[in-house]
Amino acid sequence: MKSDQPNRPLRLAAIGCGGRTRTYFELAAKMPQFYQVVAAADPLPERLKLARELSGNPDFLAFASDAELLARPKLADIMIIGTQDQYHVEPCLAAMEMGYDILLEKPVAPNLRDVLAIEKRASELGRRVLVCHVLRYTPFYSKVHEIIASGVLGEIITLNASEGVDPWHQAHSFVRGHWAVVEKSTPMILAKSCHDLDIISWLMDRPCAKISSHGNLSHFTAAHAPEGAPPRCTDGCPVSGTCPYDAHHYLGRHRQGVQYVHENPLAGDAEILGWLRRSPWGRCVYRCDNTAVDHQVVAMEFDDGATATFTMTAFDSGRNIEIMGAKGVLRGGDGLRRQSGSDIALTDHATGSETRYRVAVEDGGYGGHGGGDGGIVRALHGEMTCGEAAAMRSSIQRSVQSHLMAFAAETARLEGSTIRLDDF
């Protein structure tokens, strides 16, 4: 959608009004010079009500389904696809056929065939599809990319990256939550860590040639349940109050997580407690039906012989990165920030001198995204109105590579093999 009026506000609509869409609506509504939030579809009236309030638009249109929204003449310039992973493809393709450009929540689709189908149809129709790889829009990774591009590190030989998902977040989303059962959603390496593989692909800036992976579900199993623990935390667990995964924490320090999964994002204590007695989020984390891994490592070789590793673990918090180049080493992330107050440390091989950087993060969006939610919303207008579609920082064309890496990594983990991506 290269606009004939690149400075006019773009109209935004959405299919699915979960936490991600509501975040984008809230941020966009604060930028009226760039955006107008006009419509959304969701089967839950409470979510539509909150979306309407966030839009700041008295003429906001609400629909109970994507079919109802898409039956209307084109209402907006950009359609946000904020449904669950397995429901991205059909509304995305239908919206493109209607003439919408797309802001597509990641992962693109639960299988590579559908990822490629969306890329192909976008190209055929001349539509822009921007994938929500929000880490590319953070001040931190933007600075890392800038340092690599400057040449100060020289040729990149090795990159090591890690993501600590956080134990509670693992329990919330990947043990009790929507992504707990891989067979009903998407593998962990895709659902959570396609962010990280995408960043590795972006920073290495060359095709990945071979990939292998190892990992499994080790801790969140019945074998680790406290003695006497019932199926639900609300059923009188003997370690209630001391277990770090006690669901009653949703009434306290983890209350924010409720707004993303409860049918009423503004529910009070009594309503939440009743919900915990019947919903998946009230279950003992050691007595769930989860199949998602709680730790995984990926090893990558690129087409020039450079290598990279990625480690995902439920049992740490934050992201860290090391990049070893022929001229210098870059280290950065949450670990360095906690230890020293610096975000990035750059060491020169020739002199041994060290340069440190602090990277400011603007408020807005989910904290674990390091300002990426605000970053992608601020960038969205320019991405959708200027240049070529494939040149967008996280275009569907660019996202295919990291999705390919994720699907290959999961196949390698299951098979215990090394995958050549050209063959895959």
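Taking amide H as placed 1.01 Å from N in the peptide plane, the amide H of residue 154 sits under 5 Å from that of 327, each at least 5 places away or on another chain.
The value for region 120-168 of Rg(Cα) / (2.2 N^0.38 Å) is 1.69. Taking only alpha carbon atoms, region 249-324 gives an Rg to Rh ratio of 1.18, where Rh is the Kirkwood radius. Positive contributions from Lys and Arg (+1) and negative ones from Asp and Glu (-1), summed over other residues with Cβ under 10 Å from the Cβ of residue 232, come out at +3. Among the protein heavy atoms of the chain, carbon and sulfur supply 51% of the accessible surface, probe 1.4 Å, non-protein parts ignored. Normalised by 2.2 N^0.38 Å, where N is the number of residues, the C-alpha radius of gyration of region 140-265 stands at 1.42.
In the chain, the DSSP-assigned H stretches of four residues or longer account for a calculated mean residue ellipticity at 222 nm of -9000 deg cm²/dmol, using -39500 (n - 2.57) per stretch and the full residue count as denominator. Over region 294-341, the alpha carbon radius of gyration divided by the compact-protein estimate 2.2 N^0.38 Å works out to 1.36.
Counting every alpha-carbon pair across the chain, the share separated by more than 37 Å comes to 25%. As a rough guide to protection, the peptides 379-390, 340-351 ranked by mean Cβ packing within 10 Å, highest first, stand as 379-390, 340-351.
The values are calculated or read from the model by the stated rules, or taken from the named source; none is laboratory data. Computed from a prediction, not measured in an experiment: that's the story for all the values here. Note: ideal-geometry Cβ built from the backbone for every residue, glycine included; neighbour counts use all protein chains shown. Remember, those area values only see protein heavy atoms, side chains included, never the ligands or the DNA or RNA. Shrake-Rupley method; radii C 1.70, N 1.55, O 1.52, S 1.80 Å.
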